[in-house]
Amino acid sequence: MGGYGSGPSGGRPTVETSLRIDLPQLRRAGFLKPGCRVAGIWQWTRHGEPAGSVDIAVTLEPEGRCDIIISFRLDDEPISQEVRLVGVPMPFGGWRWFALCPVTGRRCTTLVLPIGGRRFASILAWRLPYASQREDIFGRAHRRIAKATARLDRMSNYARRPTRQRQWDRIVEAEAVLDQGLELALRRLAGP
């Protein structure tokens, strides 16, 4: 019989419902500058509403100390967490940054804080599933339609026709899966 986290909806949090700090996004936002100490506020939103924020201070000295300090309040208790960063030089210049997970000690590019958690760690350390792993074929079809529609909405008016056509093809394929499911359900209702 089902236990905690069983079934399609489950009880465990997923990666998508957790607060995430992605190092590539931090780099694009200007937090990961070698030779600098950068501090600021990192915020999350869900459906346009604020979902949380943390204070982040990043120190990057490729020949010395590299870390990220994450400070936030949880249940009116101040929490400060230091995570070591490791820089790997890239073949054509620049650095690729990884965080050392405070739990497993393995390199990762994403730190997450799930609902009920008290510190950021890697997805592997928290053993979090992705939302798509809990969906059936019809849920995945709905997700594909939503992603393709969002991509079409964000696309420039000057995007090439084949690029737009790929998104429309994805929508048509996903709708075909939904139509097959509907036909199957109607046949079952009709009986033998």
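Where a number appears in this text, it was derived from the coordinates with a stated rule and is not lab data. Note that the structure is a prediction, hence the values are computed from the model and not measured. All Cβ positions, glycine included, derive from the backbone under ideal geometry; neighbour counts span all protein chains shown.
What is the P(r) of the chain, as percent of Cα-Cα pairs per 5 Å bin from 0?
Going from the shortest bin to the longest, the percentages are 1, 6, 11, 13, 14, 13, 13, 11, 8, 5, 2, 1, 1, 0, 0.
Quick one: compute the contact order of the chain, relative version, from alpha carbon pairs under 8 angstrom and 6+ residues apart, as a percent. Spell out each step's value before the answer.
On the way: 254 pairs, mean separation 32.6, N = 192.
This gives 17 percent for the chain.
Given the options Arg166, Arg20, Arg65, which has the most mean-square fluctuation in a GNM of the chain, springs set between C-alpha atoms less than 10 angstrom apart?
The residue that fluctuates most here is Arg166.
Between 0 and 90 degrees, rounded to the nearest ten: what's the tilt of helix 161-190 against the longest Cα principal axis of the chain?
50
Provide the packing ranking of 110-121, 181-192, 128-139, i.e. peptides ordered by the mean count of other C-beta atoms within 10 Å per residue, highest first.
Details: 110-121: 18.0, 181-192: 8.9, 128-139: 13.8.
Ranking the peptides 110-121, 181-192, 128-139 by packing returns 110-121, 128-139, 181-192.
So for region 135-190, Kirkwood radius off the Cα pairs, Stokes-Einstein at 4 °C and 1.567 mPa s: how many µm² s⁻¹? Walk me through the intermediate numbers first.
Working: Rh = 12.3 Å.
This corresponds to a translational diffusion coefficient of 105 µm²/s.
Cα extents of region 64-110 along the three principal axes, largest first, in whole Å?
46, 19, 19
Take the Cα atoms of region 88-140, build their convex hull, and give its volume per residue in Å³.
Numbers: hull volume 6.4 nm³, N = 53.
Taking only Cα atoms, region 88-140 has a hull volume of 121 Å³ per residue.
What are the ³J(HN,Hα) values, in whole Hz, obtained from phi via the Karplus relation 6.51 cos²θ - 1.76 cosθ + 1.60 with θ = phi - 60°, for each residue of region 69-82 in sequence order, with x given for Gly and Pro?
For region 69-82, the Karplus-derived couplings read 10, 10, 10, 7, 10, 9, 6, 6, 10, x, 10, 10, 10, 10 Hz, x marking Gly and Pro.
What angle, in degrees between 0 and 90 and rounded to the nearest 10, separates the Cα long axis of helix 137-154 from the longest principal axis of the Cα atoms of the chain?
60
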